[in-house]
Amino acid sequence: MAVLSEEQTMLRDMAREWTTNESPVTAFRKFRDLAPACGYDANAFKTMAEMGWAGIVIPEKFGGSDFGWLSLGLVLEETAKTLTASPLASSALAASALVLGSSDAAKATWLPRLASGEVVGTLAIDEGPRHNPAAIATTATKSGDGWTLSGTKAFVHEAHGAALFIVAAQTPDGVGVFAVPADLAGLGLATRKLTDSRSHANVTLANVKVGADAYLGGSDLLDRLLDRARIVTAAEMLGLAEHSFGVTLDYLKQRVQFGQILATFQALQHRMAELFTRIELMRTDVEAALAALDSSTDVPAMASLAKATANDTLHLVSREVIQLHGGIGMTDEYFIAFYIKRARVLENAWGSSTFHRDRYASLAGY
Amino acid sequence: MATAAKEQPDALEAFRSEVQDWLAANFPASLKGKGGAMTSPYGADSAGPEGTAWRKALGGKGWGTPTWPKAYGGGGLSKAHAAILNQEMARIGAWNPIGGMGILMFGPTLLEYGSEEQKLRHMPAICTADIRWCQGYSEPGAGSDLASLQTFAEDKGDHYIVNGQKTWTSGGQWADWCFALVRTDKSKKHEGITFLLIDMKSPGVSVKPIQMISGMSPFCETFFDNVKVPKENRVGEEGQGWTIGKRLLQHERTNISGGGGRMAAAMAQGLVATAKEALGTDAQGRIADPELRARIAKFEMDWRTFLLTTQRITQESKAAGGVSEVSSILKTVGTKLVQERSELLIEITGLQGLGWEGEGFSDAELAATRGWLSGKATTIYGGSTEIQNNVIAKRILGMLDHQ
Ligand SMILES: Cc1cc2nc3c(=O)[nH]c(=O)nc-3n(C[C@H](O)[C@H](O)[C@H](O)COP(=O)(O)OP(=O)(O)OC[C@H]3O[C@@H](n4cnc5c(N)ncnc54)[C@H](O)[C@@H]3O)c2cc1C
């Protein structure tokens, strides 16, 4: 566990208490079965916003708390444990595009509303089923004062509830990042239902016109944004790994076969010890990457490190927890498989392990 | 027999043309390549009336179980003749519509342990797959530790009265009959177990389907409430159930690992072709992502090793007469590989490989997602990987517990 400030400890404890009491896994099941049109648990997000969580990475002058990325990561880790279906991460990432971007008008328009949770934002970067920011084909052409955007973004998370899309598009001078309100003419959604029962959609931009102040920055901004997405996703993955592991540990301590509790079998003890070890290593990388964001040191490499470790660890954990439950783990009535269904989606978002190992090597010059 | 084959090449060729004529007359061309229907709970019949007709034709001829004795509804063919039948069927895209637990597990066990009366009564309908069987082994408290099962069969003279609960009963809601392990003696663990055949239509039998994580409901809880089972439905003697039941599990394992329908379905999407499309290729035709390329190659090589090992063990156990303990290895290796493959496919196709339902995914993609999830069961049922490893360690390696 990273050394936390008093405020961070309080924040984490508050998040832990809230998710345990107010947003347990049963709430996720309810959300899944109801499948609300907005694509997230609106009541939960409302409360989260009231607690100030939507503004954690937003400066105070725009209504946020500016607590920083490690703080956001702590909250995401906790809410991920019980699979809370909230757009907190997506919205924070959209906000950070504005914070890091150059458009004062966009900041003033969107940040206060994102900080209060009144609106949700999300990133619309990738255009295929695999993360590949080098392959952005959506175009942004100058038209008058502003820009015209055309193209299709794939598997945009939280698209159904988003009022704001942060869109990457090719300009004549290289890739650019734009703030695109969801209600503009020419913008359309096509739902893509994935295993995690969360909101995903392809977003089509057909000659969508935005003003000059929708332009937030170029490829440097995109890189910074993607690293934030990778790290924040890894934080959510940490919560998934930890909690599914903990639930499994409890189960093994209670299930009896051959006249003894399963936890007494050394074969299983070693498996659990291995998972525990891997999750500890994962925690190190995730917290270090969050801290790297706060101190702006070595962010790209830390992002790739954290995401690759998170991918590999959660991949293993999410498989093992089903296996270790036996038949009960295969039933929908039980909940342990919710974790693998979410895990694979996050593993494939913002870069698989092969992507990040390749990138890590490239960043280091080999 | 291989020697007979060498001695009578003419007879074999005559048989080949007989097979060709029969298939031409009986296999409907419309069913060509539709063998995937066998993975449906309804088996061949899910391919419509033609599927049913084909099942009845091949089953009636005994050729769904070509080497089983004719007297019990099998084909009575030698291995050489059966091989010709297989070749000819494969040549025209015909498939064997006779499947299910009757064929894969129960039939071979009944042939070995059943009385003459029981074989005559049950085998023919197994050979035609007219009667569907389910496996009543596991209970809520008896999974890996199967021998701790509690479902009790009380001796009432010429019949038993059975009470208790089974769970995870695959296909229980569609089955006509159940082969079950029940307790007839509470004072002994293994020796108190008896193998009973229970008509699922008997008063007091009820089932409750369970939904699986893949969204399907292929299995059930099965309840026995004062179910009357005639003693003629007991296979073997009282207390012999554990021996018989374990033998059946060996057949189950061999089938789980040996390329059953599930596996064929999982393999339907070609890994390499999919990877080339999803990841692209370089000028030399190499898959563009070198790490994934290496892992695909590793999978393909491991898979080949597995197939070769399957062949070797099959040949060895045939020579030795009987299923070998080494079937434990095949089960652990085969199931792990198929799971790896599903995972690899997701990694190759990314989010496109995680479609749950609705627009934007092909049927094959959606089936692959569901198959990825349901495939997690293969390392749990039929003796989990951990239990197989215990078996390997204890029975093959002699690594006994301390006590
Ligand atoms: C899809 C599916 C279909 C099935 N179909 C049928 C069917 O048709 N008929 C039927 O009778 N049963 C069926 N089963 C049940 C299956 O055989 C059991 O699930 C299996 O035996 C495991 O038992 P369990 O679920 O109680 O798990 P448990 O025995 O509780 O095991 C939980 C975990 O502990 C491990 N474990 C247990 N004991 C040990 C040990 N001594 N050392 C190390 N590890 C150990 C297990 O490997 C597993 O990982 C089915 C199961 C599934 C998932």
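The values are calculated or read from the model by the stated rules, or taken from the named source; none is laboratory data. Everything numeric here is computed off the predicted structure, so don't read it as measured data. Positions of Cβ are generated from backbone atoms using ideal geometry, with glycine treated the same way; all protein chains shown enter the neighbour counts. The accessibility values were calculated without ligands, DNA or RNA, using every heavy atom of the protein model including side chains. Shrake-Rupley method; radii C 1.70, N 1.55, O 1.52, S 1.80 Å.
At the listed q of 0.08, 0.09 Å⁻¹, the Debye profile of the protein assembly as shown, built from one uniform point per Cα, gives log10 I(q)/I(0) equal to -0.75, -0.90.
Within the listed set A:Tyr334, A:Tyr251, A:Tyr215, the Gaussian network model of chain A (springs between alpha-carbon atoms below 10 Å) gives the highest mean-square fluctuation for A:Tyr334. Annotation: extensible slack from B:Ser187 through B:Ser206 equals 4.0 nm (criterion: 0.36 nm per residue apart, minus Cα-Cα distance). Couplings 3J(HN,Hα) for the range B:279-292, derived from phi with the Karplus relation 6.51 cos²θ - 1.76 cosθ + 1.60 (θ = phi - 60°), are 9, x, 10, 8, 4, 8, x, 7, 4, 5, 8, x, 5, 5 Hz, where x marks Gly and Pro. DSSP assigns beta bridges within the range A:104-169; of those with both partners inside it, close to 55 percent run antiparallel. Here the 3J(HN,Hα) profile of the range A:114-126, calculated from phi with Karplus coefficients 6.51, -1.76 and 1.60 at θ = phi - 60°, is 5, 5, 7, x, 4, 10, 10, x, 7, 8, 10, 10, 6 Hz, Gly and Pro shown as x. Here A:Thr191 sits with roughly 70 square angstrom of accessible surface, probe radius 1.4 Å. For the interface of chains B and A, what total accessible area is buried with a 1.4 Å probe, rounded to the nearest 100 Å²? What B and A bury together is about 3400 Å².
Under the 0.36 nm per residue contour assumption, what length would be gained going from the current alpha-carbon distance of B:Leu308 and B:Glu154 to full extension?
Between B:Leu308 and B:Glu154, full extension yields an extra 50.7 nm.
Computed across the range A:121-218, the Kirkwood hydrodynamic radius from all distinct Cα-Cα pairs reaches 13.2 Å. In a simple Cβ point-charge model (Lys, Arg +1; Asp, Glu -1; nothing else charged), the range B:257-396 has a dipole of about 700 debye relative to its Cα centre. Scanning residues 5 or more positions from A:Asn132 or on other chains, those with amide H under 5 Å from its amide H are A:Glu127, with H placed 1.01 Å from N in the peptide plane. Candidates B:Gln173, B:Gly143, B:Thr222 compared by Cα position along the dipole of the range B:122-279: farthest toward the positive end lies B:Gly143, with charges placed on Cβ. Taking Lys and Arg as +1 and Asp and Glu as -1, the other residues whose beta-carbon sits under 9 Å from that of A:Ser71 total -1.
Compute the signed sum of charges (Lys and Arg +1, Asp and Glu -1) over the other residues within less than 12 Å, Cβ to Cβ, of A:Glu347. Combined, the nearby Lys, Arg, Asp and Glu give +2. Over all pairs of different C-alpha atoms, the range B:20-105 has a mean inverse distance whose reciprocal, the Kirkwood radius, equals 12.9 Å.
Considering only B:Gly358, B:Gly398, B:Thr314, the residue lying farthest towards the positive end of the dipole of the range B:281-403 is B:Gly398, judged by Cα position with unit charges set on Cβ.
Counting, for every residue in A:154-167, the Cβ atoms of other protein chains within 10 Å of its Cβ and taking the mean gives 1. For the protein assembly as shown, a simple Cβ point-charge model (Lys and Arg +1, Asp and Glu -1, everything else neutral) yields a dipole of about 1880 debye relative to the Cα centre.
So if R0 is 35 Å, what FRET efficiency would B:Glu116 and B:Arg91 give, r being the distance between their Cβ atoms, rounded to the nearest 0.05?
0.40
Radius of gyration over Kirkwood radius for the range B:133-241, both on Cα atoms: the Rg/Rh ratio is 0.97.
When all protein chains stay in place and ligands, DNA and RNA are ignored, the 1.4 Å accessible-area order of A:His243, B:His122, largest first, is A:His243, B:His122. Highest mean packing first, where packing is the average number of other Cβ atoms within 10 Å per residue, the peptides A:307-317, A:84-94 line up as A:84-94, A:307-317. Along chain B, the longest continuous region that contains none of the GluC sites (Glu not before Pro) in a DSSP loop with at most 14 other C-beta atoms within 10 Å is B:1-236.
In this structure the amide hydrogen of B:His159, modeled in the peptide plane, comes within under 5 Å of the amide hydrogens of B:Lys231, none closer than 5 places in sequence on its chain.
Here the 3J(HN,Hα) profile of the range A:358-364, calculated from phi with Karplus coefficients 6.51, -1.76 and 1.60 at θ = phi - 60°, is 4, 5, 4, 5, 4, 4, 8 Hz, Gly and Pro shown as x.
Considering only B:Trp372, B:Ile329, A:Asn43, the residue lying farthest towards the positive end of the dipole of the protein assembly as shown is B:Ile329, judged by Cα position with unit charges set on Cβ.
The share of C-alpha pairs in the range A:6-116 whose separation exceeds 24 Å stands at 25 percent. For the range A:220-363, the average shadow cast by the Cα convex hull is 9.1 nm², which is a quarter of the hull's surface.
Here the relative contact order of the range A:220-363, from alpha carbon pairs under 8 Å that lie six or more residues apart, stands at 32 percent. Under 5 Å from the amide H of B:Ile193 lie the amide H atoms of B:Thr184, B:Gly239, B:Gly241, B:Trp242, each residue being 5 or more positions distant or on a separate chain, with H modelled from the backbone and absent for Pro and chain starts. Placing R0 at 25 angstrom, the Cβ-Cβ distance between B:Asp21 and B:Ala71 gives a FRET efficiency of 0.50 after rounding to 0.05. Based on the reciprocal of the average 1/r between different C-alpha atoms, the Kirkwood radius for chain B equals 23.0 Å. Other protein chain C-beta atoms within 10 Å of residue C-beta, averaged over A:329-335: 6.
When the trypsin sites (Lys or Arg not before Pro) in the range A:205-272 are filtered for DSSP coil states and for at most 15 other beta-carbon atoms within 10 Å of their beta-carbon, the remaining sites are A:Lys253. GNM on chain B, C-alpha springs below 10 Å: top fluctuator among B:Leu279, B:Leu149, B:Leu373? It is B:Leu279. Ordered by solvent-accessible area of protein heavy atoms (1.4 Å probe), largest first, the residues B:Asp225, B:Asp363 come out as B:Asp363, B:Asp225. Across peptide A:125-132, the mean count of Cβ atoms from other chains lying within 10 Å of each residue's own Cβ comes to 4. The modelled label-to-label distance between B:Ala83 and A:Asp13, using points 7 Å beyond Cα along the C-beta direction, is 7.6 nm.
Largest GNM mean-square fluctuation among B:Ile348, B:Ile131, B:Ile213, using chain B with Cα springs under 10 Å: B:Ile213. Over the residues of the protein assembly as shown, the helix contribution to mean residue ellipticity at 222 nm works out to -15500 deg cm²/dmol, using -39500 (n - 2.57) for each DSSP H run of at least 4. The Cα trace of chain A gives Rg and Dmax of 20.4, 78 Å, the first to one decimal, the second as a whole number. For the protein assembly as shown, with all protein chains in place and a probe radius of 1.4 Å, 54% of the accessible heavy-atom surface sits on carbon or sulfur.
Legend: residues A:Leu100, A:Leu222, sorted from most to least accessible area (1.4 Å probe; ligands, DNA and RNA excluded), read A:Leu100, A:Leu222.
Loop-only check: which trypsin sites (Lys or Arg not before Pro) in the range B:271-307 are DSSP coil with at most 13 other Cβ within 10 angstrom?
Those that pass, being in a loop and sparsely packed, are B:Arg286.
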